[in-house]
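Below: the structure, in structure tokens.
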Amino acid sequence: MFLGIDLGTSEVKLLLLSEAQRVLAVAGEKLPQSRPQPGWSEQSPAAWWAATSRAAARLRAAEPQAFAAIRAIGLSGQMHGATLLDARDRVLRPAILWNDTRAAAECEELSARCPALPEIAGNLAMPGFTAPKLRWVAKHEPDLFARTAAVLLPKDYLRLRLTGEKVGEMSDAAGTLWLDVARRDWSDELLAATGLARRHMPRLVEGNAVSGTVLPAVAQAWGLPPGVIVAGGGGDNAASAVGIGAVSPGDGFISLGTSGVVFVVTDCFRPNPASAVHAFCHALPERWHQMSVMLSAASGLAWLTRLTGAKDEASLLAQMRALPQEALERAPVFLPYLSGERTPHNDAAARGAFLGLDHDTSAATLAYSVLEGVSFGLLDGMSALRAAGTQVERLALVGGGSKSPEWAQLLASGLEIEIVTAPGAEAGAALGAARLGWLAASGDEADVCTAPEGGQRFRPNPAQRERLLPRYEKFRAAYPRLKDLFANRA
Amino acid sequence: MYLGLDLGTGSAKALLLDANGATVGETSAAYHAVSPHAGWSEIDPEIWLQALTTCVQALPAGARAAVKGIGLSGQMHGVVLSDAQGNALRPAVLWLDTRAVAQLARYPTLADSLKRLGNAPSAGMAGPILLWLAEHEPIGLQAARWALQPKDWLRLRLTGIAGSEASDASGTLLADRQGRWDRSLLETLGLPDRLLAPHFASHEAAGTLTASLAAALGLPAGIPVAAGGGDTPVAALGSGLLLDGSAQLTTGSGAQIVVLRHTLPAPSAKLNCYRTAAPPELPRWYTMAAMQNAGVALEWARRTLGFDWPAAYAAAFGSSLRTDDELFFLPYLGGERTPWMDAQVRGAWVGLSPGTDNGALMRAAFEGVAFAIRAGLDALHAQGTRPTQLRLAGGGSVHRAWQQLLMDVLQLPLEAVDCPNASARGAALLGGLAAGHWSTADLYALAPACRPVGEPASVRYALPYRRFCDLYARLAGWFGRDGLQTEN
């Protein structure tokens with residue numbers, strides 16, 4: 001048995017996988033997000049660990065025999081989050097998360113101090129990444145910065161609690177802006193630009209390698225057998241890729257979760273930072289990947305459901321399905337930049353908008369606008385990947401939003417590719433984490449990293465694409481008109 | 001008793017005043033315009049007459065027998081083509097109609113039109129509508145004896161005499177600044193001037209009630225029927241807006257700021273300027289900022305956000321609201337008139353973040369409507385009209401927090417005047433004037449009471465208001481491209 005632990009943004013999910021590729025049980029625990037100031041996003045590392053332990057207890061209660069047969073654990077997690085530890089591995093402050101936007105000024109400083117940063121790190125400096133956050137702490141919380149002995153990413157904090165060891169892994173480390181992504185090793189130059197050094201960093205392993213063993217005290221508390229190994233694991237996107245078998249160059253997926261990601265595996269480091277495309281290591285050796293990231297995706301629909309007082313997302317989508325075609329053509333345009341935007345605008349100040357409200361606009365119409373606006377954001381991302389030379393014909397669709405056939409069809413028509421939904425796709429990262437555990441326990445990649453069976457195929461619909469194209473032009477025309485307004489804060 | 005009859009946009013009203021000006025009865029009956037083609041707005045005038053008959057017959061028979069004078073008010077700008085007896089030859093074309101856009105090219109330049117007519121040419125007015133009829137229904141136009149505004153058509157049926165008056169005429173784009181027919185303009189446009197009826201003074205009798213209509217309505221035959229006026233100026237009269245410079249804000253579906261002027265106001269393409277329906281001692285003109293989306297935008301927001309009204313106010317103005325200066329609402333669900341004169345613009349919420357909840361969005365909607373009204377007030381300022389306070393029609397029933405928001409955004413003190421059915425009341429007053437029962441001097445005492453509401457308490461909206469206008473300017477051209485907006 002293999003245990004996958006995925007430390008997401010809104011919940012931590014644990015998954016039990018058998019060597020027959022069966023998922024025996026899944027247990028999740030919700031995680032609250034804290035927004036103490038506009039643009040801030042934080043979580044408590046202790047709360048991560050407590051939620052993980054609670055989920056482990058429920059999983060064990062659901063499948064006691066399988067739980068007792070766990071041989072290896074794999075970890076995946078929300079990327080970029082900065083967890084600051086003192087010299088005794090105590091947490092110094094709440095973790096600053098991937099969707100926190102406070103460190104915009106620090107990005108400019110970093111880029112000025114280190115002009116080679118995009119080439120080495122494979123990415124533009126953006127407030128979501130880890131390094132600018134540490135510069136912010138150095139500037140605004142200098143006492144804490146002085147006491148910082150180690151910086152860990154979220155899943156690596158869980159690993160510390162599990163194994164007592166501070167170990168990082170390539171795909172997640174690539175999101176810090178401290179990694180020389182081509183060489184798969186820390187960059188002293190990039191660390192120095194932040195005022196840090198190698199000693200602040202964990203040692204690095206590949207995602208399918210052993211990073212440590214579960215501490216006896218934890219094994220006892222959780223009911224694990226002794227000697228369970230913990231694999232390097234992967235950032236949530238890389239782990240999701242492993243979960244749906246996207247391990248070879250040209251494979252890829254779209255994830256419609258809290259954030260929206262287009263992910264394609266590459267056989268070499270192919271950076272194109274100018275288009276705000278990310279180039280990271282994959283969680284498997286000698287492979288990299290390109291990603292476009294939109295900061296707010298399926299979360300936009302959850303947000304709209306609360307706003308309109310609809311009972312739940314399903315009933316709002318049902319109202320949307322009942323709309324006639326003319327209502328869709330007159331629907332407002334939605335700019336999905338609720339938390340600013342990464343690809344393609346790299347603008348932390350951007351915000352969302354509904355443009356073109358009229359007397360006939362209803363909650364159901366707004367739901368369509370959100371689905372379409374998020375799809376257009378992903379189309380912008382896809383265009384950036386294509387401009388970087390990446391060619392794709394088919395992508396899997398994973399994440400919470402993948403449950404909606406309307407969304408899948410919008411994406412197929414908008415992006416002009418075949419979309420394949422993967423059943424059980426919501427468990428993508430947790431499944432990928434479990435698989436990485438399996439690989440660390442000497443599993444064979446061909447046996448372990450299979451693509452899911454079944455799933456629905458969505459092909460581009462030319463008539464739908466015809467209708468979408470003028471609306472996409474309006475979508476693209478809107479942000480330039482509002483960009484300066486977003487930037488001029490009172 | 002004095003009877004006021006009002007032909008509003010959505011309903012007819014009848015209102016009875018006793019000799020002291022107290023309301024003794026009021027009734028109404030709704031009707032609906034039809035749209036046989038996109039952008040058309042028409043109604044069979046017989047439907048108006050039936051609705052009014054229903055209203056009048058619902059008043060107590062004894063009171064009706066005691067009526068000594070009738071006054072009229074009606075929706076402005078539209079046109080009824082009728083024969084000499086007042087039988088309509090086709091449905092009336094109403095002020096919301098937009099078919100006559102192409103005909104605007106026949107008018108003089110904007111500068112000349114403003115100078116001569118006091119208003120920018122627009123499609124829903126009698127002049128352009130008659131040009132359209134001349135082009136598309138020439139035989140029908142030839143056969144018509146009269147082209148009348150709605151209340152003037154009503155009066156023809158009531159009295160057998162065709163007449164017009166200055167306030168309604170000034171809203172046709174066929175009259176000069178004094179509200180007299182501009183016969184040379186008619187000649188230039190090629191419209192037969194026989195179609196336009198002779199003027200009467202709004203407050204004087206323009207005929208008497210015929211025996212047959214008297215019988216149908218249960219009213220005494222032979223009583224005077226005042227010329228009357230357009231619904232907006234007659235409502236001003238009815239709600240006691242009588243002094244030079246006095247200003248009133250009405251927020252219904254849309255919002256209007258009406259300011260009375262004793263001297264001829266400078267014309268503006270962003271404002272409307274018409275004759276009043278008052279006796280000659282009172283101000284002769286009013287200048288008006290007309291904003292398209294007020295109550296209608298708030299109602300839309302409330303409905304979309306899933307609130308009932310008490311919850312909407314509580315969420316928008318309650319102490320638990322976390323205010324957000326980055327969140328804006330453009331209320332322009334149906335385009336906008338004053339000041340942008342932009343039929344293409346639509347509504348928007350801009351500045352959304354994950355923490356934005358429905359209370360913040362409702363608050364933004366209230367602020368957006370207030371900002372849109374402020375933009376209308378600024379257009380008045382630019383024209384040289386600077387009210388120092390505003391009466392708020394229906395102000396007594398306006399929620400306190402919304403009143404304060406309006407004062408803080410407009411930076412003006414407000415007085416509340418409560419006068420439901422102000423047009424019908426004003427019409428009844430005109431009936432009393434025409435019958436010789438009241439004189440101009442009596443109008444002051446007959447005015448409904450005005451109660452101060454308060455003063456502006458904050459200047460915090462100065463910057464958000466400028467950013468609202470900046471937001472409109474940035475987005476204005478975006479709405480008009482093909483593919484997303486239908487013609488409107």
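For the range A:197-310, which strands (runs of 3 or more DSSP E) that fit wholly inside it have 3 or more residues that are under 21 Å from the mean Cα position of the chain (by Cα)?
Filter on the range A:197-310 gives A:252-256, A:260-266, A:278-281, A:288-294.
Among the residues of the range B:157-182, which ones are within 27 Å of B:A215 (Cβ to Cβ) and open to solvent by 20 Å² or more (accessible area, probe 1.4 Å)?
If the condition is that a residue be within 27 Å of B:A215 (Cβ to Cβ) and open to solvent by 20 Å² or more (accessible area, probe 1.4 Å), then B:R157, B:G160, B:I161 are the ones that fit.
Could you check the range A:418-490 for helices (runs of 4 or more DSSP H) lying wholly inside it with 3 or more residues that are free of Cβ contacts under 8 Å to residues at least 60 places away in the same chain and within 14 Å of chain B (Cβ to nearest Cβ)?
A:462-487
Give the residue, chosen from A:S292, A:S255, A:S248, that is more than 11 Å from chain B (Cβ to nearest Cβ) and open to solvent by 40 Å² or more (accessible area, probe 1.4 Å).
That would be A:S248, the only listed residue that is more than 11 Å from chain B (Cβ to nearest Cβ) and open to solvent by 40 Å² or more (accessible area, probe 1.4 Å).
Return the only residue of B:L185, B:L154 being open to solvent by less than 30 Å² (accessible area, probe 1.4 Å) and touching a strand residue (DSSP E or B) at 6+ places or on another chain (Cβ under 7 Å).
B:L154
Can you report the number of residues in the range B:230-250 which are on the phi < 0 side of the Ramachandran plot and either more than 11 Å from the chain's Cα centre (by Cα) or of a type in the set (K, R) (or both)?
Qualifying residue count for the region: 11.
Any idea which of (1) away from chain A (no Cβ under 14 Å); (2) at pLDDT 95 or above; (3) open to solvent by less than 30 Å² (accessible area, probe 1.4 Å) is the one B:V417 doesn't satisfy?
Of everything listed in (1) away from chain A (no Cβ under 14 Å); (2) at pLDDT 95 or above; (3) open to solvent by less than 30 Å² (accessible area, probe 1.4 Å), B:V417 misses just condition (2).
Return yes or no: is B:V234 modelled with pLDDT of 95 or more, in contact with a strand residue (DSSP E or B) (Cβ under 7 Å, 6 or more places away or on another chain) and in a strand (DSSP E or B)?
For B:V234, the condition - modelled with pLDDT of 95 or more, in contact with a strand residue (DSSP E or B) (Cβ under 7 Å, 6 or more places away or on another chain) and in a strand (DSSP E or B) - is not met.
Across the range A:343-371, which residue is farthest from the chain's Cα centre (by Cα) among those that are more than 12 Å from chain B (Cβ to nearest Cβ) and open to solvent by less than 10 Å² (accessible area, probe 1.4 Å)?
A:L371
Check the range B:362-382 and report whether any residue there is in a loop (DSSP other than H, G, I, E, B) and either away from chain A (no Cβ under 14 Å) or surrounded by fewer than 24 Cβ atoms within 10 Å (Cβ to Cβ) (or both).
No, the range B:362-382 contains no residue that is in a loop (DSSP other than H, G, I, E, B) and either away from chain A (no Cβ under 14 Å) or surrounded by fewer than 24 Cβ atoms within 10 Å (Cβ to Cβ) (or both).
What is the residue count in the range A:115-145 for residues that are assigned to a loop (DSSP other than H, G, I, E, B), under 18 Å from the mean Cα position of the chain (by Cα) and charged (D, E, K, R)?
0
I'd like the full set of residues that are assigned to a loop (DSSP other than H, G, I, E, B) and buried (at least 22 other Cβ atoms within 10 Å of the Cβ), limited to the range A:174-186.
A:A174, A:G175, A:T176, A:L177, A:W178, A:V181 - these are the residues of the range A:174-186 that are assigned to a loop (DSSP other than H, G, I, E, B) and buried (at least 22 other Cβ atoms within 10 Å of the Cβ).
Regarding the range B:474-484, can at least one residue be identified that is at pLDDT 95 or above, open to solvent by 30 Å² or more (accessible area, probe 1.4 Å) and either within 14 Å of another protein chain (Cβ to nearest Cβ) or assigned to a helix (DSSP H, G or I) (or both)?
Among the residues of the range B:474-484, at least one is at pLDDT 95 or above, open to solvent by 30 Å² or more (accessible area, probe 1.4 Å) and either within 14 Å of another protein chain (Cβ to nearest Cβ) or assigned to a helix (DSSP H, G or I) (or both), which makes the answer yes.
Scan the range A:375-382 and tell me whether some residue there is over 27 Å from B:L298 (Cα atoms), among the acidic types (D, E) and either within 13 Å of chain B (Cβ to nearest Cβ) or under 18 Å from the mean Cα position of the chain (by Cα) (or both).
Yes.
Among the candidates B:L110, B:L96, B:L104, single out the residue that is without any contact (Cβ under 8 Å) to a residue 60 or more places away in the chain and open to solvent by 10 Å² or more (accessible area, probe 1.4 Å).
Sole residue among the options that is without any contact (Cβ under 8 Å) to a residue 60 or more places away in the chain and open to solvent by 10 Å² or more (accessible area, probe 1.4 Å): B:L104.
Restricting to the range A:310-342, count the residues that are within 11 Å of chain B (Cβ to nearest Cβ), free of Cβ contacts under 8 Å to residues at least 40 places away in the same chain, open to solvent by 20 Å² or more (accessible area, probe 1.4 Å) and not basic (K, R).
Looking only at that region, the number is 1.
When only residues in the range B:292-313 that are open to solvent by 40 Å² or more (accessible area, probe 1.4 Å) and of a type in the set (F, W, Y) count, which is farthest from the other protein chains (Cβ to nearest Cβ)?
Checking each candidate, the answer is B:Y313.
What about B:R451, is it among the basic types (K, R), over 22 Å from the mean Cα position of the chain (by Cα) and more than 14 Å from chain A (Cβ to nearest Cβ)?
Considered against the rule, which asks whether it is among the basic types (K, R), over 22 Å from the mean Cα position of the chain (by Cα) and more than 14 Å from chain A (Cβ to nearest Cβ), B:R451 comes out as yes.
Applying the selection to the range B:232-291, what residues are closer than 21 Å to B:A169 by Cβ and of a type in the set (V, I, T)?
B:T232, B:V234, B:V258, B:V259, B:T263, B:T276, B:T287, listed by residue number.
Any idea which residue in the range B:293-344 is nearest to B:A473 (Cα to Cα), counting only those that are in contact with a strand residue (DSSP E or B) (Cβ under 9 Å, 6 or more places away or on another chain) and of a type in the set (D, E, K, R)?
Among residues in the range B:293-344 that are in contact with a strand residue (DSSP E or B) (Cβ under 9 Å, 6 or more places away or on another chain) and of a type in the set (D, E, K, R), the one nearest to B:A473 (Cα to Cα) is B:D342.
Do any residues in the range A:194-206 that are in contact (Cβ under 8 Å) with a residue 12 or more places away in the chain have Cβ atoms under 9 Å from those of residues that are aromatic (F, W, Y) and in a strand (DSSP E or B), where the two are at least six apart or on different chains, and which pairs are they?
A:R198/A:W186; A:M201/A:W186; A:L204/A:W186
Being surrounded by 17 or more Cβ atoms within 10 Å (Cβ to Cβ), part of a helix (DSSP H, G or I), small (G, A, S) and more than 8 Å from chain A (Cβ to nearest Cβ) is true for just one of B:A289, B:A316. Which residue is that?
B:A316
I'd like to check something: does the range A:185-195 contain any residue that is farther than 30 Å from A:T266 by Cβ and either hydrophobic (A, V, I, L, M, F, W, C) or out of contact with any Ser or Thr (no Cβ under 6 Å at 6 or more places or on another chain) (or both)?
yes
Only one of (1) in a helix (DSSP H, G or I); (2) of a type outside the set (S, T, N, Q); (3) closer than 18 Å to B:D44 by Cβ; (4) under 21 Å from the mean Cα position of the chain (by Cα) is not met by B:G140, so which one is it?
The single condition B:G140 does not satisfy is (4).
Confirm whether A:P452 is modelled with pLDDT under 95 and either within 28 Å of the chain's Cα centre (by Cα) or at negative phi (or both).
Considered against the rule, which asks whether it is modelled with pLDDT under 95 and either within 28 Å of the chain's Cα centre (by Cα) or at negative phi (or both), A:P452 comes out as yes.
In this structure, is A:I96 touching a helix residue (DSSP H, G or I) at 6+ places or on another chain (Cβ under 6 Å), closer than 23 Å to A:G233 by Cα, touching a residue at least 40 places away in the same chain (Cβ under 8 Å) and among the β-branched types (V, I, T)?
Spelling it out, A:I96 is indeed touching a helix residue (DSSP H, G or I) at 6+ places or on another chain (Cβ under 6 Å), closer than 23 Å to A:G233 by Cα, touching a residue at least 40 places away in the same chain (Cβ under 8 Å) and among the β-branched types (V, I, T).
When the range B:189-231 is examined, which residues are found to be open to solvent by 30 Å² or more (accessible area, probe 1.4 Å), part of a helix (DSSP H, G or I) and among the small types (G, A, S)?
Answer for the range B:189-231, where residues must be open to solvent by 30 Å² or more (accessible area, probe 1.4 Å), part of a helix (DSSP H, G or I) and among the small types (G, A, S): B:A211, B:S212, B:A215, B:A216.
The values are calculated or read from the model by the stated rules, or taken from the named source; none is laboratory data. Computed from a predicted structure; not experimentally measured. Note: ideal-geometry Cβ built from the backbone for every residue, glycine included; neighbour counts use all protein chains shown. Ligands, DNA and RNA are stripped out before the accessible areas are found, and what is left, the full protein with its side chains, is counted by its heavy atoms. Shrake-Rupley method; radii C 1.70, N 1.55, O 1.52, S 1.80 Å.
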